[in-house]
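Student: Quick one: the structure is below, and I'll ask about it shortly.
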Amino acid sequence: MTQSYATPLLAPGSPLDARSRTLIQALYEKETSRLKALPVDDALNPVRRRRVEVTRTEIAGQPDCLVMTLTTQTQAIAETVARLHRNRPKRIYLTGCGDSLAVMIAARPLLERMFSVACEPVQALDMAYYFNRPVDRETLVIGLSSSGETPRTVEAMIMAKALGAETLMLSNTEGSTLMREADHSLFIHAERKGWPTQASTAALGLLISLALAFGESTGRDKGEILDLRAGLDAVPGQIAQAISGHESAIENIAQSEVARGIYLFAGGGTAFACAFFGAAKVKECTPDHAIAIPVEEYHHYHSQKHGDPLFLIAPDGFSVPRARDTAEEGQRVGGRIFSIVSEKNDLLDDLSQRVIRLPCMPEMLAPLVYSLPVQLFAYHLAMAKFAAA
């Protein structure tokens, strides 16, 4: 008879020591209890509604959380950069689950640019069980878990350490397993009583700040880094303006799409992370389906059906021409297009039911601001569905 285990890392032949196995077993038991307490998809479930309502409060709190995180972690970032100089990584893996993985997708381009090595976002289960053959003492594994107790992310970290890698973990839960067990850690000042928004935004800002600090220490283009730092400094104000300037329009979009059962989100490059966030928030806040689609992959299948709403995220950058193609195809099939673009981009105006215009900013920073409309859409969609139930 085949013996089953909660995770392959508890099976015979696992490279983990007894202490690590005990730690992982305890995490799985804790997760089983947590899953039983999650709210169900019933249209009027009060637990789910309370969590949605708290999500709106946390969306509004993102500017303060970002500022607090970057201000308080300056010294920790400097110390981390100094340690990484002593053991320069030749490859970097970026791991997490759900929104944490989306953060890593968003952070990848700037981390690669500043570290000058390949940075690979890998889902934590895959990192722990499958894609870890190249991991060695010249590898850095960066992980993110808001709770610091996500079993797959902890497994990925422990497996990486067992293979000799250096680990840097981010969490907004001090004293969590992830923070205790990592070689280095950075703390995120954020709440996560609602569905995650500010925890993701602050974590992304922290990784961007880390990348810029490392780039500065290695003598990269000072002008570029100064421009990116100025861009990062402007983000809290831009987030606040995105909320105050566009929430009414986004609420109207949610009202117009309340009867749908599926919602699509597409973007290329760093904007795919915004699409990932948008689909995740809709799936968390409502009982409906939502899909994040890389903007190129949209064109290789019949991705959008007649009447399907598509949020097309296209900050200034390389993916804008393909976003135009996407909007054209969406209109051809009778879909509904809601575009999120920079204030100077009019290429999608004639193809969109509604255009949300946000500040022009470096593409590598755009997810910090361009995720706001889809976060707000998920909240207002959920509230509209509660009202209609």
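Student: What number of residues within the range 316-338 are part of a helix (DSSP H, G or I), of a type in the set (A, V, I, L, M, F, W, C) and either free of Cβ contacts under 8 Å to residues at least 24 places away in the same chain or touching a helix residue (DSSP H, G or I) at 6+ places or on another chain (Cβ under 6 Å) (or both)?
Tutor: Here the count works out to 1.
For (1) buried (at least 19 other Cβ atoms within 10 Å of the Cβ); (2) over 23 Å from the mean Cα position of the chain (by Cα); (3) in the same structural domain as LYS305 (by TED's automatic domain parsing); (4) at pLDDT 95 or above, each residue gets a yes or a no:
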site	(1), (2), (3), (4)
ARG229	no, no, no, yes
ASP233	no, no, no, yes
ALA249	no, yes, yes, yes
TYR263	yes, no, yes, yes
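Student: Considering every residue within the range 144-158, establish whether at least one is surrounded by fewer than 24 Cβ atoms within 10 Å (Cβ to Cβ) and in contact with a Gly (Cβ under 8 Å, 6 or more places away or on another chain).
Tutor: No, there is no match, as no residue in the range 144-158 is surrounded by fewer than 24 Cβ atoms within 10 Å (Cβ to Cβ) and in contact with a Gly (Cβ under 8 Å, 6 or more places away or on another chain).
Student: Let me ask you something else. Which residues, taken from the range 275-315, are basic (Lys, Arg) and touching a residue at least 12 places away in the same chain (Cβ under 8 Å)?
Tutor: Within the range 275-315, LYS281, LYS305 qualify.
Student: Scan the range 281-314 for residues that are in contact with an Asp or Glu (Cβ under 6 Å, 6 or more places away or on another chain) and crowded, with 19+ Cβ neighbours inside 10 Å and report the count.
Tutor: Of the residues in that region, 1 qualify.
Student: Which members of the range 330-373 meet the condition of being touching a Gly at 6+ places or on another chain (Cβ under 8 Å) and over 23 Å from THR201 (Cα atoms)?
Tutor: GLY334, GLY335, ARG336, ILE337, LEU351
Student: Continuing with the same structure: Report yes if GLY278 is touching a strand residue (DSSP E or B) at 6+ places or on another chain (Cβ under 7 Å), surrounded by 18 or more Cβ atoms within 10 Å (Cβ to Cβ), in the same structural domain as LEU368 (by TED's automatic domain parsing) and within 22 Å of ASP346 (Cβ to Cβ), otherwise no.
Tutor: It is false that GLY278 is touching a strand residue (DSSP E or B) at 6+ places or on another chain (Cβ under 7 Å), surrounded by 18 or more Cβ atoms within 10 Å (Cβ to Cβ), in the same structural domain as LEU368 (by TED's automatic domain parsing) and within 22 Å of ASP346 (Cβ to Cβ).
Student: Right, here's the next one. All but one of (1) under 16 Å from VAL369 (Cβ atoms); (2) of a type in the set (Gly, Ala, Ser); (3) assigned by TED's automatic domain parsing to the domain that holds SER342 hold for GLY237; state the number of the condition that does not hold.
Tutor: Checking GLY237 against (1) under 16 Å from VAL369 (Cβ atoms); (2) of a type in the set (Gly, Ala, Ser); (3) assigned by TED's automatic domain parsing to the domain that holds SER342, the one that fails is (3).
Student: Follow-up. Taking the condition within 22 Å of PRO315 (Cβ to Cβ) and surrounded by 15 or more Cβ atoms within 10 Å (Cβ to Cβ), does GLY237 pass?
Tutor: It is false that GLY237 is within 22 Å of PRO315 (Cβ to Cβ) and surrounded by 15 or more Cβ atoms within 10 Å (Cβ to Cβ).
Student: Still on this model: Have a look at ARG86, ARG108, ARG56, ARG48 and point out the one that is assigned by TED's automatic domain parsing to the domain that holds ALA203, surrounded by 18 or more Cβ atoms within 10 Å (Cβ to Cβ), at pLDDT below 95 and not acidic (Asp, Glu).
Tutor: None of the other options fit; the residue is ARG48.
Student: Quick one: count up the residues across the range 130-161 that are in a helix (DSSP H, G or I) and in contact with a Ser or Thr (Cβ under 8 Å, 6 or more places away or on another chain).
Tutor: Total meeting the criteria: 9.
Student: OK, next. Can you pull out the residues in the range 177-216 that are of a type in the set (Ser, Thr, Tyr) and either in the same structural domain as LYS281 (by TED's automatic domain parsing) or not in a helix (DSSP H, G or I) (or both)?
Tutor: Hits for the range 177-216 are SER185, THR197.
The values are calculated or read from the model by the stated rules, or taken from the named source; none is laboratory data. In this text, all values refer to a predicted model and were calculated from it rather than measured experimentally. Cβ coordinates were reconstructed from backbone atoms using ideal geometry, including for glycine residues, and neighbour counts include every protein chain displayed.
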